[in-house]
1. Evaluate the charge dipole of the protein assembly as shown about its Cα centre and quote only its size in Debye, nearest 20, assuming +1 on the Cβ of each Lys and Arg and -1 on the Cβ of each Asp and Glu.
2. Give the calculated FRET efficiency between residue A:204 and residue B:26 to the nearest 0.05, with a Förster radius of 41 Å applied to their Cβ-Cβ distance.
3. Across the range A:18-28, in residue order, what do the Karplus-derived ³J(HN,Hα) couplings come to in whole Hz, using 6.51 cos²θ - 1.76 cosθ + 1.60 with θ = phi - 60° and x for Gly and Pro?
4. In percent, what relative contact order does chain B have, based on Cα pairs under 8 Å that are 6 or more apart in sequence?
5. Using modelled amide H (1.01 Å from N, peptide plane; none on Pro or chain starts), what sits under 5 Å from the amide H of residue A:3, excluding residues fewer than 5 places away?
6. For A:15, A:182, B:123, which order do you get if you count the other beta carbons within 10 Å of each Cβ and list the fewest first?
7. Over all residues in A:68-76, what is the mean tally of Cβ atoms on other chains that come within 10 Å of each residue's Cβ?
8. Under the definition of partner shielding as Cβ atoms of other protein chains within 10 Å of a residue Cβ, what is the mean value for peptide B:56-63?
Protein chains: 2
Amino acid sequence: MTLTIYGIAASRAIRPLWAAEELDLTYRHIKLHHAAPETKAPDYLRLNPNGTVPALEDDGLVLFESLAITLYLARTYGPSRLWPDDAADQARVLQWTLWAATEAEPPARQWFHHTAFLPPAERQPALAAAALQALGRRLAVLERHFADGRPHLLGDDFTVADLNLAAVLQRLKDLGGGDHPRLSAWHARCLARPAAQRAFALRQAG
Amino acid sequence: MTLTIYGIAASRAIRPLWAAEELDLTYRHIKLHHAAPETKAPDYLRLNPNGTVPALEDDGLVLFESLAITLYLARTYGPSRLWPDDAADQARVLQWTLWAATEAEPPARQWFHHTAFLPPAERQPALAAAALQALGRRLAVLERHFADGRPHLLGDDFTVADLNLAAVLQRLKDLGGGDHPRLSAWHARCLARPAAQRAFALRQAG
């Protein structure tokens, strides 16, 4: 088995890196920057036709889309509770993963772009503010979801749904998370996991 | 079994409706408008805490996120090729579904909002144009993907990945699809399916 993850940890590659750490996998990490010219070269476009990171290679299988890669790793490599056994729980994992992609990520990304990512001259404060407002409605949904005291999205167990959503909301503190105590506690719980710590430490390692 | 789909066909509910038709399921269709006050009522928020459509109820299981609902239906109700048997193909279905959600839908939605959905005074032509440009890059990725002559995303078989992406790109003709002959042919092939025709006909039925 040669499992290879392409993309620096300071990119969406943090998601598959975190999943690989949760599953104690041995993997090769190709630290490709998201803006590197290599991402547009034919060899890489065969792995990810979008010319973005991350990409995964696993014994002939090639995948893009970070959240699909974590689902693949969780489903393939066990035993773990990252991917639950119960079919209804599996449906809920897919539901929350899609929710992370469609509801949480777009405003989180718009906010990040217009506060930090873009060159200052291109940042639009009105778009940053609108993103924060849109995100507030989603954070309120999550806060209500955790109102029953459940430690994780599906209940007791940490699953790949928690990993995906917590990674998408990695800047939760800056995104108004402080007004949502149960959501913040869940987020802190996810990021405190040893596997998360190891994955995020890869950012410091360069 | 009481399978219930909430949401008028002229909403993202078209996705689960199409999937249910592909799978020849018997279902109850609650024609809830996406802007109806009932979507914010406690009874409905228990089904979909976002207060949006669609939602699914199936023998005690409750789900939101249209693309997760189609995945659930395809995985649960067989036999069909909507959900492939092969694990690598299943990973590809999830990849293309996430790609539909993260790459295709945001610009397609931004374009629709600023050309048709919002009241005329709120539409911003610059945002519509930017959306079309962003979408153009994604359509080019798809056109290259179909360059080998494959009839569907994964190869020979129509899967729930095709359903999800074709539904997200339902306005492809207006989105510059005409410049992409293989992509357009794939899209027409998907929408010509009898199940798609039955689902889209529900829009006329009101």
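1. Dipole of the protein assembly as shown, to the nearest 20 debye: 1080 debye.
2. Approximately 0.15, to the nearest 0.05.
3. Using θ = phi - 60°, the values come out as 4, 4, 4, 5, 4, 8, 6, 7, 8, 8, 9 Hz.
4. 23
5. For residue A:3, the qualifying residues are A:28.
6. B:123, A:182, A:15
7. For this peptide, the per-residue mean of nearby foreign Cβ atoms is 4.
8. Average per residue, whole number: 3.
Quick note: the coordinates plus some simple rules give every number you see, no bench work behind them. Given the structure is predicted, the values throughout are model-derived calculations rather than measurements. Ideal geometry is used to build each Cβ from the backbone, glycine not excepted, and the neighbour counts take in all protein chains shown.
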